[in-house]
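S.K.: Handing you a structure now.
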Amino acid sequence: MNKPSASMQNIDHMDSRELLPLSPRSLDQDSNASPLSPEKGFGGESDRRSSADYMALWKKAIHQQILLIRMEKENQRLEASRDELHIRKMKLDYQEMCQCLKDVQALWDRKLSSPCRTKIQWDKDEIHNAVYQGVPKSQRGEVWLLLSQQYRLHHRLPQRQQPPDTPYQDLLKQLTAQQHAILVDLGRTFPTHQYFSTQLGAGQLSLYNLLKAYSLLDTEVGYCQGISFVAGVLLLHMSEEQAFDTLKLLMYDLGIRRQYRPDMISLQIQMYQLSRLLHDYHRNLYAHLEEHEICPSLYAAPWFLTLFASQFPLGFVARIFDLLFVQGTEVIFKVALCLLSSHEGEILECDGFESVVDYLKSTIPTLTHSQMEETITKAIEMDISKQLHTYEVEYHVLQDELANAPPPSEESDRLDNLEKANAQLKKQNMEVLEKLQVARLKVQTLESSVESFLSRESKMKHLIHSLEQDKASYQKTIERMRSSLPVEAMADVEMTQLKSSTNRQAKAASKKP
């Protein structure tokens with residue numbers, strides 16, 4: 001064997017520190033002893049680099065490493081941005097009532113970019129007109145926050161009526177006695193919407209956090225069925241903390257929390273007010289409902305408790321929320337009255353308790369775009385504030401008269417018991433109808449899945465049929481080829497096939513125990 005050259009020996013004995021300098025300082029220290037000096041170079045050629053060259057290379061490597069780290073961080077930021085954009089797109093996956101005009105879009109852009117929007121009171125009429133023209137779906141959450149800030153600037157809530165000033169994150173660290181009720185309702189809240197449909201997914205977890213925090217903040221109300229839909233609508237347009245702050249405004253400043261109190265007196269007043277509105281404005285419809293003993297609480301209670309969100313299209317519900325921030329709870333009465341009046345003819349044609357209730361709970365919510373726009377337009381133009389105040393006073397007067405009435409007789413007691421039993425049965429009936437509606441939604445989802453499976457089955461059958469035709473074609477080709485072969489060649493082919501078949505049978509027999 002040939003002996004290794006002197007230069008190769010030098011390389012073998014070189015220290016790794018000499019081959020890969022780790023810092024400019026080590027380069028300076030070892031520059032005189034470098035194995036690449038002219039005296040120890042390859043073939044006597046001068047391959048030595050100066051310390052300045054190594055320093056430049058070192059700086060370049062550091063600079064490239066910094067660039068790589070920055071690029072990695074930027075990639076992570078872009079990935080997070082894509083995830084956020086995907087979630088935002090999922091949240092806003094509902095059909096808008098109508099597209100905003102460019103002028104309206106520009107108007108909201110100017111208002112949302114105003115630097116003093118949280119400190120200066122804007123003209124009420126200007127705000128109302130802007131909302132009436134429309135709100136862009138992509139900016140709806142920001143607009144609701146802006147309207148909330150302006151409402152608080154115009155209406156200062158008395159100190160004793162204000163909610164506790166407990167931070168949202170502190171509330172999330174506590175335990176709530178309402179946990180079971182909240183968890184049960186998570187799957188019932190917008191069960192067909194992609195953001196909330198996944199069990200314990202991002203949507204349901206955010207909804208749980210929001211409802212839990214509010215139940216701890218408002219111990220008198222705690223949690224009540226219906227709040228989950230209101231909170232869900234807010235979460236579709238803003239973050240958890242923003243939704244929590246907006247929910248506090250709706251509940252406390254606008255007074256919606258009164259209808260969720262355990263005694264539900266406020267809800268009873270609202271049902272009386274709606275009944276009186278029907279009596280005064282749509283007498284025939286009122287008489288028809290009374291004839292079949294259908295009180296407003298049987299069909300309108302979910303409208304008020306969920307702000308129409310449990311039964312109506314999300315685009316329509318979002319538009320009602322737009323008006324709620326500028327008109328208050330009066331808009332709920334106006335929308336309910338407009339819905340009933342626009343379907344008065346069809347309701348009068350329904351004969352029987354079940355058919356009327358089914359129409360009110362199932363048919364009315366399936367609105368067309370033109371019906372939605374017409375309803376919102378009528379609600380904006382309507383003014384029933386004086387009537388609502390009069391009816392509320394009237395309700396309290398009637399209650400006082402009943403309280404001051406002489407003690408009831410035995411017959412009256414029996415009547416009261418029957419009325420209570422009847423009210424309980426109506427409440428149970430309403431719950432059953434709500435469950436039926438959820439079941440119908442699930443059936444629709446399953447039917448769409450079945451249609452998809454049937455479509456796939458049809459495609460597979462078509463593919464199998466095509467493969468069978470190919471098989472038949474190949475068999476015919478084989479037969480033609482066999483017929484064209486000489487007799488001797490045919491005998492060889494048959495013998496080969498026989499041997500192959502025998503070998504396969506032998507192998508199969510050997511594998512058996």
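The values are calculated or read from the model by the stated rules, or taken from the named source; none is laboratory data. Model, not experiment: these values are computed from the prediction. Neighbour counts are summed over all protein chains in view; Cβ atoms, including those assigned to glycine, are modelled from backbone coordinates with ideal geometry. What goes into the accessible areas is simple: the full protein's heavy atoms, side chains included, and nothing from ligands, DNA or RNA. Shrake-Rupley method; radii C 1.70, N 1.55, O 1.52, S 1.80 Å.
S.K.: What helices (runs of 4 or more DSSP H) lie completely within segment 322-414 and have 1 or more residues being under 27 Å from the mean Cα position of the chain (by Cα) and among the hydrophobic types (A, V, I, L, M, F, W, C)?
M.R.: 330-342, 369-381
S.K.: Further question: Could you tell me which residue of segment 48-103 is nearest to residue 313 (Cα to Cα), considering only residues that are outside any helix (DSSP H, G or I), charged (D, E, K, R) and open to solvent by 100 Å² or more (accessible area, probe 1.4 Å)?
M.R.: 49
S.K.: For residue 106, all conditions in the list (1) closer than 11 Å to residue 237 by Cα; (2) open to solvent by 30 Å² or more (accessible area, probe 1.4 Å); (3) among the small types (Gly, Ala, Ser) hold save one; what is the number of the exception?
M.R.: (1)
S.K.: Ok, one more. Please state which one of 308, 353, 333, 312 is in contact (Cβ under 8 Å) with a residue 60 or more places away in the chain, within 26 Å of residue 230 (Cα to Cα) and either out of contact with any Lys or Arg (no Cβ under 8 Å at 6 or more places or on another chain) or open to solvent by 10 Å² or more (accessible area, probe 1.4 Å) (or both).
M.R.: So the residue among 308, 353, 333, 312 that is in contact (Cβ under 8 Å) with a residue 60 or more places away in the chain, within 26 Å of residue 230 (Cα to Cα) and either out of contact with any Lys or Arg (no Cβ under 8 Å at 6 or more places or on another chain) or open to solvent by 10 Å² or more (accessible area, probe 1.4 Å) (or both) is 333.
S.K.: Here's something else I'd like to know. So which residues in segment 183-213 are without any contact (Cβ under 8 Å) to a residue 40 or more places away in the chain, open to solvent by less than 10 Å² (accessible area, probe 1.4 Å) and more than 18 Å from residue 83 (Cα to Cα), if there are any at all?
M.R.: 207, 210, 211
S.K.: Right, here's the next one. Which residues, counting only those in segment 230-245, are more than 24 Å from residue 192 (Cβ to Cβ) and either open to solvent by less than 10 Å² (accessible area, probe 1.4 Å) or hydrophobic (A, V, I, L, M, F, W, C) (or both)?
M.R.: 244
S.K.: Residues of segment 289-302 being touching a helix residue (DSSP H, G or I) at 6+ places or on another chain (Cβ under 6 Å), part of a helix (DSSP H, G or I) and surrounded by fewer than 19 Cβ atoms within 10 Å (Cβ to Cβ), which ones?
M.R.: Once the filter is applied, which keeps residues that are touching a helix residue (DSSP H, G or I) at 6+ places or on another chain (Cβ under 6 Å), part of a helix (DSSP H, G or I) and surrounded by fewer than 19 Cβ atoms within 10 Å (Cβ to Cβ), segment 289-302 yields nothing.
S.K.: Also, quick follow-up: Check residue 478 against each of (1) out of contact with any Lys or Arg (no Cβ under 9 Å at 6 or more places or on another chain); (2) closer than 30 Å to residue 311 by Cα; (3) not small (Gly, Ala, Ser) and name the one condition it does not meet.
M.R.: (2)
S.K.: Which of the numbered conditions does residue 251 fail, given that it passes all the others? Conditions: (1) buried (at least 20 other Cβ atoms within 10 Å of the Cβ); (2) not in a helix (DSSP H, G or I).
M.R.: Of everything listed in (1) buried (at least 20 other Cβ atoms within 10 Å of the Cβ); (2) not in a helix (DSSP H, G or I), residue 251 misses just condition (2).
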